[in-house]
Amino acid sequence: MNRREGEGGSRRNADAAQDREASAQSSSPVIAAFKVFQQELDTKHDKHERLVKISRDVTIESKRTIFLLHRVTSVPNAEDILNEAELKLDAVRQKIGQIAEELRGEDIFQFHRAFTGGIQEYVEAASFLHYIRHRSLISLEEINARLVFMKSEKEDSEGLSGGLSGGQVLTFQVSPSDYLLGVADLTGELMRMCISSVGNGDIDTPFQLSQFLRQIHDGFSYIGNTGPYEVSKKLHVLRQSLGKVEDACYALRVRGSEIPKHMLADVFSSRTTHMEPEEGVV
């Protein structure tokens, strides 16, 4: 009987100690501060995951736009395809508007890695469309000018039947590094466009693309080692794309009259450019 009473007393003492510890923790300023930190980290993590998801959608839709634009070399009327591509890019911009909404009031560089891939893909698609229309490179200012969004405050006025109570302007600014990386990826699409054009009997486009790619390469060469690290990695791919286009132009100039037009694409696709990897940036 005494043993049972001793066990019950020790259990009550342990429960009382736990209660005192819990009350002390609830009133501790250190514990309260760490709970605030936990909420902030959870909020940041949730925002990061939402941005990753939106960026993935931007990447997918931008790639679909690029695939659509490659059809302009094989259709008699390219304007319909260009208009459809513009509509797809408008939908992509709405997605980027969601990114701008998530980043409102936040430090953009804390979340940059979450959406940089999607923004680069959008720059690639937008610059590809701009080149097909105007045969020139779209500027960073022109890209940012299309990323201005008007957000309505209809959600904020729930319960009111007056409709829109106002609005505010949201802007998204593409960083120079994302712009450069998107333009670097554009060179690969231009190389594919060159091969497709040759296969369809268009002999002038490869020479225009060769000159344009040479200008882009010269521009990247001026950056040197002062640019982003990723640019140095993509510069080698840029050189490869330029080399393939120049190789196609050389073959057209020298052997163009010997090869039937319907066989040109197969000939150029089978040709490989042996380029030694270069270290660093010129």
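The values are calculated or read from the model by the stated rules, or taken from the named source; none is laboratory data. This is a predicted model, so every value here is computed, not measured. No Cβ is skipped: glycine too gets one built from the backbone with ideal geometry, and neighbour counts run over all protein chains shown. For accessibility, only protein heavy atoms count, side chains too; no ligands or nucleic acids. Shrake-Rupley method; radii C 1.70, N 1.55, O 1.52, S 1.80 Å.
What's the local net charge at Ile138, with K and R +1, D and E -1, over the other residues with C-beta under 11 Å away? Numbers along the way, then the final one.
On the way: positive: Arg133, Arg146; negative: Glu124, Glu141, Glu142.
The answer is -1.
Within straight-line reach of Lys44, meaning a Cα separation under 16 Å, sit the following lysines at least 8 residues removed in sequence or on another chain: Lys35, Lys53. A Förster radius of 51 Å, combined with the Cβ-Cβ distance separating Phe109 from Arg255, puts the computed FRET efficiency at roughly 0.50.
Ordered from largest to smallest accessible area (heavy atoms of protein chains, 1.4 Å probe), the residues Ile195, Ile96, Ile108 come out as Ile108, Ile195, Ile96.
The modelled label-to-label distance for the pair Asp204/Ser136, using points 7 Å beyond Cα in the direction of Cβ, is 1.9 nm. Our coupling estimate for the range 129-139, obtained by passing each phi through the Karplus curve with A = 6.51, B = -1.76, C = 1.60 and θ = phi - 60°, is 4, 5, 5, 4, 6, 10, 6, 8, 8, 5, 8 Hz, Gly and Pro reported as x. Stretched out straight at 0.36 nm per residue, the stretch from Asn77 to Ala91 would grow longer than its current Cα-Cα span by 2.7 nm.
The largest accessible area among Ile138, Ile31 belongs to the first residue in Ile31, Ile138, and the rest follow in falling order (1.4 Å probe, all chains).
Report the calculated FRET efficiency for Arg56 and Glu101 (r = Cβ-Cβ distance, R0 = 22 Å), to the nearest 0.05. For Arg56 and Glu101, the calculated efficiency is 0.85. Mean separation of Cα pairs under 8 Å and 6 or more residues apart, divided by the residue count, gives the range 33-132 a relative contact order of 46 percent. Note that the range 50-66 has calculated 3J(HN,Hα) couplings of 5, 5, 4, 5, 5, 4, 5, 5, 4, 5, 5, 5, 5, 5, 4, 5, 5 Hz, one per residue in order, obtained from phi through the Karplus relation 6.51 cos²θ - 1.76 cosθ + 1.60 (θ = phi - 60°); glycine and proline are x. Between Asp218 and Val237, the contour length at 0.36 nm per residue exceeds the alpha carbon distance by 5.4 nm.
The length gained on full extension between Glu230 and Gln38, counted as 0.36 nm times the residue separation minus their Cα-Cα distance, comes to 65.8 nm.
Could you check how much of the accessible area of the range 88-146 is carbon and sulfur, as a whole percent, using a 1.4 Å probe? If you can, show how the numbers build up before the last one.
Numbers: 1240 of 2640 Å².
After summing per-atom areas, the C and S share lands at 47 percent.
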